[in-house]
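*Asks:* My questions will all concern the structure given below.
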Amino acid sequence: MKVVIYDTKTGSKTPLEPMEEGRIKLYVCGITAYDYCHIGHARSALVFDMIVRYLRYRGYQVTYVRNFTDIDDKIIKRAQEQETTTEELAERFIHAFHEDMARLKVAPADHEPRATEHIPSIIRIIEELMAKGLAYQADNDVYFAVDKFPSYGALSGRSLDDMMAGARISVNENKHNPMDFALWKGSKPGEPTWESPWGPGRPGWHIECSAMSRELLGNTFDIHGGGKDLIFPHHENEIAQSEGASGEPFARYWIHHGFVTIKDEKMSKSLGNFLTIREVLEHYPAEVLRLFVFSTHYRTPLDYSEATLQEAVAGLDRLYACLAAIAALPATASDSAAPVASAKEAKKIASLADRFHTAMDNDFNTAQGLGHIFDAVKTLNRISQNLPAAPAGADIALLRSSAATITTLAGTMGLLGEDPACYIEAKQQKILAELDIDATAIAGLIEERSRARDARDWARADEIRNQLLARRIELKDGPTGTTWQVKLT
């Protein structure tokens, strides 16, 4: 089965047919480097990290480009407020971005260009547009003439006439049309500038991505991505600039992820209702945030709350607990024990990878893919919890191969990257510390309970069991004695 993606431009799902067999060129709009990243940025980074991981897992060679906007109005304004340079400000927050991505275990893109590194390329594209009559100079500014590009609005599904009817009168009287957008902005006092044929100035926001994508991926490439907020005007304007200059198609497929919301309202810096990545990671491990993000399809709005994060914590604990239990299985099997797993369960587990691939091949449906993994874990837990002291070889082989499969599949989302036993041990120690109880105290209570049972003091034995259970310590009586474990959630 081929990977099928939802293409924003066509508004439908379509098979992914790369320009070059087995190779995919992907460009994603990155951050504007003027502040710390919030979890809306985290969703974008994680979604495309997952897409790249999955495509590579499926055998594609992926060239992944994610840019940095390191000069624009917001950066200039923030640098002036902080009495620093735009270079220092952008460098500081690009460094912070890389720190956040490292903590999220997001792999670096193959190329991470910056707008200021590509000024000559930007100027060349603007010159090409002017030569074709698609751009014009007004004082030291240069604008793209949207009415000269007949397909303007094709990505967002808007017509230029409708946009014109709803447009406010531009405060810039030099524009021929209020919908025209800046390709080059003449410099103002105190702003960073670069020399150009139109006088000193700096690039507009949209043109930088056209220049960087063309330089690194060519006039036409496979996939362009970003958040839904970039569809218009940013990506619409990129298409107009790029196709207007080259005369060739720009991106063949468009992928856009949904917003992160808080109480159903879009999270954004302008609204002040955002949490930074580093604030969230102070309280939750990176894999919890990953599980939270991927439990919802990437195109669907993702509502952030403490309750949903706690659900992700519990889910991650279940996955690791299953893998840790399987890792602790005895090295040798019994020749006489009958298998616990039924033929139906074995067949269902064997189909896990195929079902996961079907889900993920269908527009990267991580929610459905995770559902298959959790369903498999439920079956594996039933099998492992009913194993005798000396399990059958068929059960051990099934459980171990299934654990390996789950680890590989979850790895396409950057999940289950830790050693399961170490994860569970660290989790248990953290809980014990919070409960102010240690293994020595637990062992003492178990010994007291054992004496009570020997004396047939069942009331006291039950009292100790309940006392420990109230503190999230579960006891399990077996032929070799009593063992205990911490209830993770």
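*Asks:* Give the peptides 313-319, 95-101 in descending order of average Cβ contacts within 10 Å, highest first. Walk me through the intermediate numbers first.
*Replies:* Details: 313-319: 19.0, 95-101: 17.3.
Listed from highest to lowest mean packing, they are 313-319, 95-101.
*Asks:* Further question: Would you mind computing the Rg to Rh ratio of the stretch 310-418 from its alpha-carbon coordinates, Kirkwood style for Rh?
*Replies:* Using Cα coordinates only, the ratio equals 0.99.
*Asks:* Given H placed on each backbone N at 1.01 Å, which residues far from ILE31 in sequence or on other chains put an amide H within less than 5 Å of it?
*Replies:* Correct list: THR69.
*Asks:* So if each residue of separation counts as 0.36 nm, and I subtract the Cα-Cα distance between THR358 and THR482, what length gain in nm does that give?
*Replies:* Taking 0.36 nm per residue and subtracting the Cα distance, the gain is 40.3 nm.
*Asks:* If the cut-off is a Cα-Cα distance under 28 Å, which lysines reach LYS185, setting aside same-chain residues fewer than 8 apart in sequence?
*Replies:* Within reach: LYS74, LYS77, LYS132, LYS148, LYS175, LYS228, LYS269.
*Asks:* What FRET efficiency comes out for LEU469 versus ALA389 if R0 is 22 angstrom and r is the Cβ-Cβ distance? Round to the nearest 0.05.
*Replies:* After rounding, the FRET efficiency stands at 0.35.
*Asks:* Which angle between 0 and 90 degrees, to the nearest 10, do you get for helix 236-246 versus the longest principal axis of the chain when only C-alpha atoms count?
*Replies:* The two axes meet at around 60 degrees.
*Asks:* Then there is this: What's the extension gain from ALA397 to ARG23 if we count 0.36 nm per residue and subtract their Cα-Cα distance?
*Replies:* Extra length from ALA397 to ARG23 when fully extended: 131.0 nm.
*Asks:* Let me ask another. Run the reach check for LYS430 against aspartates and glutamates, Cα to Cα strictly under 12 Å, same-chain hits fewer than 8 apart removed. What comes back?
*Replies:* Correct list for LYS430: ASP438.
*Asks:* What does the C-alpha gyration tensor say about the overall shape of the stretch 390-486? Classify as rounded when a/c is under 1.5, otherwise prolate if a/b is larger than b/c, or oblate.
*Replies:* oblate
*Asks:* Is any residue of the stretch 344-369 close enough, with backbone N under 13 Å, to a label point placed 7 angstrom from the Cα of THR408 along the Cα-Cβ axis, and if so, which?
*Replies:* Under 13 Å, as judged by backbone N against the label point of THR408, lie 350-357 of the stretch 344-369.
*Asks:* A further question on this structure: Pairs LYS266/LYS487; LYS2/LYS344; LYS2/LYS378: which are spaced more than 31 Å apart, C-alpha to C-alpha? Mind dumping the intermediate values first?
*Replies:* Working: LYS266/LYS487 36 Å; LYS2/LYS344 28 Å; LYS2/LYS378 29 Å.
Long pairs (Cα-Cα over 31 Å): LYS266/LYS487.
*Asks:* Follow-up. In nanometres, what is the gap between the two model label sites at SER334 and ASN174, each 7 Å from Cα along Cα-to-Cβ?
*Replies:* 8.6
*Asks:* Let me ask something else. For the chain, what does -39500 (n - 2.57) per DSSP helix run (n ≥ 4), summed and divided by total residues, give at 222 nm, in deg cm²/dmol to the nearest 500? Working shown, then result.
*Replies:* Details: 17 runs with 229 residues, N = 489.
Helices in the chain give a 222 nm mean residue ellipticity of -15000 deg cm²/dmol.
*Asks:* Take the Cα of THR85, step 7 Å along the line toward its Cβ, and report every residue of the stretch 92-116 whose backbone nitrogen sits under 16 Å from that point.
*Replies:* Backbone N within reach: 92-94, 116.
*Asks:* Beyond 14 Å, how much of the Cα-Cα pair distribution for the stretch 299-371 remains, as a whole percent? Provide the component values of the computation, followed by the final result.
*Replies:* On the way: 2036 of 2628 pairs.
It works out to 77 percent of all Cα pairs.
Since every read-out is calculated from the coordinates, none of them should be taken as a lab result. Every value quoted in this text rests on a predicted model; they were computed, and no experiment measured them. Reconstructed Cβ throughout: ideal geometry from the backbone, glycine too, with neighbour counts over all protein chains shown.
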